[in-house]
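Q: Let me begin by handing over the structure; questions about it come next.
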Amino acid sequence: MKEALVGAELNHYKVIAQLGKGGMGEVYLAEDTRLRRKIALKVLPTEMAEDPDRLARFRREAIAIAALNHPNIVTIHSVEESNGVHFLTMELVVGKPLSELIGKDGMSLSKLLEIATAMAGALSAAHTKGITHRDLKPPNVMVADDGGIKVLDFGLAKFAPSSTAVGLDSELSTEVRTREGMIVGTVPYMSPEQIQGGAVDPRSDIFSLGVMLYEMASGRRPFTGDSAIALLSSILKDDPAPLDGLPERLNAILERCLAKDPAARFQNGEEFLAAISAARAPEVTVAGSDTPWIVVRPFKTRSGDDELSSFSEGLTEDITAGLSRFTHLSVLTDRSASHPSESYAVEGSIRKAASSIRVSVKLLDKKSGAHLWADHFDRDMSTGDIFAARDEIADRIVATVADTYGVLTRSLVALVKAKPIEALSASECVLRWFGFVQIVRPDEHAEVREALENALEREPEHADAWACLSLLYVEEYRHNYNPRPDPLERTLKAARRSVELDATSPLAHLALATAHWHRRELSAFRPAGERVLTLNPRDSNSIAFIGVFTSYSGDWARGKALMARAMALNPHHGGWFHFPFVWDHYLKGKYNEALEAAEKVNLPMYYQTHIALAVTNAQLERTEAARKHVENLLELVPDYAGTARSDLSKWYGEELVEHLLEGLAKAGLDVGVAVGAHDVERRPFVGREAEQDQLVTALHSVAKGNGRLVLIGGEPGVGKTRLAHELMATARARGMRAFTGNSYEEGAAPFIPIIEILEQMMRDVSAETLRDALGDGAPEVAKLVPELRRAYTNIPEPIELPPEQQRRALFNATLDLFQALSAKTPIVMLLDDLHWADESSLALLQHVTQQLENLPLLIIGTYRDVALDVGKPFEKAMATLVRQKLAERLPLKRLPEGAVAELLAALGGAEPPEALVHLIFEGTEGNPFFVSEVFLHLKEEGKLLDDGGAFRVDLNADDLDVPEGVRLVIGRRLKRLSENTPKVLTAAAVVGRRFELRLVEALSDLDEDAFLTRLKKRKPRSSSSLKQADATRATPSPTSSFVTR
């Protein structure tokens, strides 16, 4: 069947490759062409598909399994049939089976516990629904590349063939199948009752799980035999010996799982889950001897008050469990309090008055007797959930004591700072990393990085130290602290090493999420970020980092919610927690609110603090304060004027970057942007994660020296140029050069997009570098850009050649220039609106594309697919490029309704009502430009938002008038312009897409002051926005252009 299916299409699934096969059928990698995602597709055996009763039963069970919806059970999407082929579609898990991860000596205790807990959760969910796996074994557990754990083939083993199926399974030698009263399973992992053909229930799964745990802990199976019969006999008769070096509680769990009598085992997954969770308590997972010990004492209550005693007991347990999530601490239960290394204690009391309680708590240094911290929490128990109140208090206590900004952590940092760098252990270096995060300074960065690198040479298996080193490497990139080559590669490598050593470490996954985000690998960042939040939901620092990354990825609502959660956990949090609130207000033009948030940052030695204060003060016309903060900024980063764009692009999307640059210019910093340049409002960037990932993959390829041409096609307003601009920002943030050239609808001269790129090179590339790159081809390139001759007086006159040879010489000279420049720094070029490109530009593009494979040059072209007339220059050129496999197409579709909701939430700063989302989605069909225009139209009419900027609570979607068509909505918005503004826009439109301001001023029949006033106060975001190249009168002929969004 393999040959017949690879390359075939089953319904809307395209089969790509075979992944494996077994007794239950063959599994393929396939693409869901509707949802544009990769899935696993399992084709059922012929004998099952041809038996109507078994097929019907299989479908019913598959539906039941699909309903489990558990994060550790692989998701079944659908049960389908196509041309007689019956198949399942399932979640594709990219990773390795557990069988490939068990070494000859087993695996680390932390990894074992993590995987065991995940399998227990999966079994608990299935057993609760009456589903038994019946074939648990290491190949049926996948450990995904992002650290997730998935159990496969749930319930499908019930449908093994009704006759012996020779040759169907690659593990036939260890697999037993019979007829009626069948034995189903893989022999080394089968329970005694399975072997004997008896009834099989959840307790059989528990036995199989015990066999797997034994193998994971030791690298060998508990039962052995020279033959299948001998192996069966061992399972029925032998009792495996306890494992040396395994904690007593785990050996006890294994003994109970492997009991011959099902009644003596854990009765289901839920019981096993409780036991394995208890095994993860501190006395099992004790940290290294050089980590400080802390004990949580029972909170004192009035004797005889059973309700308070119960509350105290639960609170003590919650705090103990919470503190144990912080790997830089070793946590003792109260019964272990006599441990000689005990250094710190959390203790307190609970008092009650009527329906209110007061929880008083303090942190003690047991050696010195000092009180490091004390606080109290009052709650009215008559109005709320007692468990919610207990959780909230425990959250506050745990975070305030133990997280990165916790009082105990700060105290520990102060202690290790007194020790010489060379004397620090890996665990102590982790504490030094916490100290760096608290102050964020380059001198501290260099010292802690050196300490970690030295410590890891001595202790190479310390997972958290690798995580902290990864998080220091990324500072070389994002803050330019003590940079070395390839910081992002080292960041990712160290993060992966950390996860490899301890997949349960919250710091390891924070490092991995950070690496993915800065590499703009958003599809990998999201699951890694969620993992961070799951592993330690009480660490304000980790929550805040994920909140920052989420905000700056465009999901401001969720990002700010995470930041608010982090700030609520620990009132001593870092000042940088305020930044997402600063920038969200700033983007919305709420400069007073932005300034108020910026003033809370209180990090005077951190340069972005002064950026925030400079731009917000500048926008509020507080010139003196703005300039003072620019001075402070330049004291910290003297060359910031020249690096501002590339620095900001490492963090923020293009919209915020441009707004910040305009604010810095207004504050007096020469960043190459005209004051007022950000008057144009731009829509948020949502719903393009898959396309963005595809382009970032192309960027990775280019960084390795393999160029590509990607053509982004779609209807007007769908976001082609915006997607390209986001990639350009990513490229700049990674130190690449980025250039843009436009094609124009009206009869433009030949080579216009190439000329614009060459002109930008003159501005952005140093004169010496550009002249060297031009080389002997300078005379030819100067034909396109005569300004080159004025810049370089040593360019000779070109050689006279026949027309066709002249064209060839020009093409080769341009290609040589691109080769020379990209050899120094990878380049990304955007050729916008190629559907209007002239034949000469397209011919040059085709010439360059022939050599792209070996060039670090990525060319992005955008085109309107609705403007592709057969026989037109671009249509013919694209057909040729695609046919020759020199270009790849990236179609951009309209946004689905969910993404429209995201867009409206970003525009409005709050979650929009569902009825409004549906109304606008139906009216705009998901075109993002039209969605934004409709939103702005309704907003300007005062129908959407209240005085506080939130969606009106009395909003009735039925009363809203959504214009039918983008022209109509823009027309209504234009009517709101002042009387003279249309004169300016009309005059500019008559002149053309690019124009000189003085000419438009003359045509508009307005005096100079009125003209400039109208120019600045034009309504944002009309069908074409007006972009000023230079809005000052300092140059002889300032220019502007219309930019189609």
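Q: FRET efficiency for Ala56 and Gln267, Cβ-Cβ distance as r, R0 = 25 Å, nearest 0.05? Working shown, then result.
A: Details: r = 31 Å, r/R0 = 1.24.
Given R0 = 25 Å and the Cβ-Cβ separation, E is 0.20.
Q: Beyond a 31 Å Cα-Cα separation, which of these cross-linked pairs lie in this structure: Lys720/Lys939; Lys129/Lys493; Lys104/Lys493; Lys137/Lys560; Lys628/Lys824; Lys38/Lys720?
A: In this structure, Lys129/Lys493; Lys137/Lys560; Lys628/Lys824 lie more than 31 Å apart at Cα.
Q: Here is a follow-up. Report the label-to-label distance for Glu248 and Ala353 in nanometres (one decimal), using points 7 Å from each Cα along the Cα→Cβ vector.
A: For Glu248 paired with Ala353, the spin-label model returns 4.6 nm.
Q: Another question about this same structure. If you take the square roots of the eigenvalues of the alpha-carbon gyration tensor of the stretch 576-634 and sort them as a ≥ b ≥ c, do you get rounded (a/c under 1.5), prolate (a/b over b/c) or oblate?
A: oblate
Q: Separate question: Can you list the residues, at least 5 places off or on another chain, whose amide H is less than 5 Å from the amide H of Leu945, using H built in the peptide plane?
A: Arg952
Q: Now for a separate question. Test of understanding: what is the full-extension gain from Arg627 to Leu801, defined as 0.36 nm times their sequence separation minus their Cα-Cα distance?
A: Computed gain between Arg627 and Leu801 is 57.0 nm.
Q: Still on this structure, I have one more. Could you estimate the translational diffusion coefficient of the stretch 689-891 from the Stokes-Einstein equation, with Rh from the Kirkwood formula over C-alpha pairs, at 25 °C and 0.890 mPa s, in whole µm²/s?
A: Rounded, D is 142 µm²/s.
Q: What is the Cα convex hull volume of the stretch 420-573 when expressed per residue in Å³?
A: Per-residue hull volume (Cα only) is 103 Å³.
Q: So, counting K/R as plus one and D/E as minus one, what does the shell of residues with Cβ under 14 Å around Lys824 add up to?
A: -2
Q: Something else now. Between Asp145 and Lys14, what is the FRET efficiency for a Förster distance of 22 Å, r being their Cβ-Cβ separation, to the nearest 0.05? Please list the in-between numbers first.
A: Details: r = 23 Å, r/R0 = 1.05.
Working from the Cβ atoms, E equals 0.40.
Q: Collect residues whose amide H, placed 1.01 Å from N in the peptide plane, falls under 5 Å from the amide H of Leu19; neighbours closer than 5 in sequence don't count.
A: Excluding prolines and chain starts, which carry no amide H, the hits are Val27, Tyr28, Leu29.
Q: When the Cα centres of the stretch 884-925 and the stretch 431-505 are compared, how far apart do they sit, in Å?
A: If you average the Cα positions of each part, the centres end up 39 Å apart.
Q: When the scattering of the stretch 817-935 is computed by the Debye formula from its Cα atoms alone, each counted once and equally, what is log10 I(q)/I(0) at q = 0.10, 0.16, 0.20, 0.23 Å⁻¹?
A: -0.48, -0.83, -0.99, -1.18
Q: With labels modelled as points extended 7 Å from the Cα through the Cβ direction, what inter-label distance (nm, one decimal) is found for His77 paired with Ala388?
A: With each label placed 7 Å out from Cα toward Cβ, I get 3.8 nm.
Q: Same structure, new question: Quick check: residue separation of Ala820 and Ala564 times 0.36 nm, minus the Cα distance between them. What number comes out in nm? List each step's numbers first, then the result.
A: Values: separation 256, 0.36 × 256 = 92.16 nm, distance 4.92 nm.
Extending this stretch completely gives an extra 87.2 nm.
Q: Hey, what do the phi angles of the stretch 89-101 turn into as Karplus ³J(HN,Hα) couplings, whole Hz, using 6.51/-1.76/1.60 and θ = phi - 60°, x for Gly and Pro?
A: 10, 9, 4, 8, 9, 8, x, 10, x, 4, 4, 8, 9
Q: Another question, if that's okay. Find how many whole Å separate the alpha carbon centroid of the stretch 207-262 from the alpha carbon centroid of the stretch 338-416.
A: 43
Q: Now a separate question. Tell me, what HN-Hα J-couplings in whole Hz come from the Karplus equation 6.51 cos²θ - 1.76 cosθ + 1.60 at θ = phi - 60° for each residue of the stretch 513-526, using x for Gly and Pro?
A: Using θ = phi - 60°, the values come out as 4, 4, 4, 5, 5, 5, 8, 6, 9, 5, 5, 7, 4, 4 Hz.
Q: When a/c is below 1.5 the answer is rounded, else prolate if a/b is larger than b/c, else oblate, so apply that to the stretch 2-90 with a ≥ b ≥ c taken from the square roots of the Cα gyration tensor eigenvalues.
A: oblate
Q: Here's a follow-up. Kindly put Thr721, Thr616, Thr327, Thr769 in sequence by how many other C-beta atoms sit within 10 Å of each C-beta, fewest to most.
A: Thr769, Thr721, Thr327, Thr616
Q: What number, in percent, do you get for the relative contact order of the stretch 885-942 if the mean sequence gap of Cα pairs under 8 Å and at least 6 apart is divided by its residue count?
A: In percent, rounded to a whole number, it is 36.
Q: Hey, another quick one. Across the stretch 377-383, in residue order, what do the Karplus-derived ³J(HN,Hα) couplings come to in whole Hz, using 6.51 cos²θ - 1.76 cosθ + 1.60 with θ = phi - 60° and x for Gly and Pro?
A: Running phi through 6.51 cos²θ - 1.76 cosθ + 1.60 with θ = phi - 60° gives 9, 9, 9, 8, 7, 7, 10 Hz.
Q: Would you mind checking which residues have amide H under 5 Å from Tyr481's amide H? H placed 1.01 Å from N; only 5 or more apart, or other chain.
A: Glu476
Q: Using a simple spin-label model with points 7 Å from Cα along the Cα→Cβ vector, what separation in nm is obtained for Glu500 and Glu450?
A: 2.8
Q: What does the net charge come to around Gly225 if you take all other residues with beta carbon closer than 14 Å to its beta carbon, with K and R at +1 and D and E at -1? Don't skip to the answer; put the middle values down first.
A: Working: positive: Arg220, Arg221, Lys237; negative: Asp226, Asp238.
Residues near Gly225 contribute +1 overall.
Q: Quick check: net charge around Ala353, other residues with Cβ under 14 Å of its Cβ, Lys/Arg +1 and Asp/Glu -1?
A: Values: positive: Arg302, Arg351, Lys352, Arg358, Arg379; negative: Asp305, Glu307, Asp378, Asp380.
Local net charge: +1.
Q: May I pose another question? Report relative contact order for the stretch 420-573 in percent, whole number only (criteria: Cα-Cα under 8 Å, sequence separation at least 6).
A: Computed over the stretch 420-573, the figure is 15 percent.
Q: At 0.36 nm per residue, minus the direct Cα-Cα distance, what do Glu941 and Ser99 gain on full extension? Give it in nm, one decimal, please.
A: So the chain would gain 296.8 nm between Glu941 and Ser99.
Q: I need the trypsin sites (Lys or Arg not before Pro) found in the stretch 404-440, filtered to DSSP loop residues with at most 15 other beta carbons within 10 Å of theirs. Before the final figure, lay out each step's value.
A: On the way: sites: Arg410, Lys417, Arg432; in loops: none.
When the trypsin sites (Lys or Arg not before Pro) of the stretch 404-440 are filtered for loop state and at most 15 Cβ neighbours within 10 Å, nothing remains.
Q: Bin by bin, in steps of 10 Å, what percent of the Cα pairs in the stretch 897-964 do you find, going until the bin that has the longest distance?
A: Taking all Cα pairs of the stretch 897-964, the binned fractions are 22, 64, 13 percent.
Q: To continue, here is another question. In square nanometres, what is one fourth of the surface area of the convex hull spanned by the alpha carbons of the stretch 293-402?
A: Across all orientations, the stretch 293-402 yields a mean hull projection of 6.8 nm².
Only the coordinates and a few stated rules stand behind these numbers; no lab work does. What you see is a predicted model, and the numbers here were worked out from it, not measured in a lab. Using ideal geometry, Cβ is built from the backbone for each residue, glycine included, and neighbour counts are taken over all protein chains shown.
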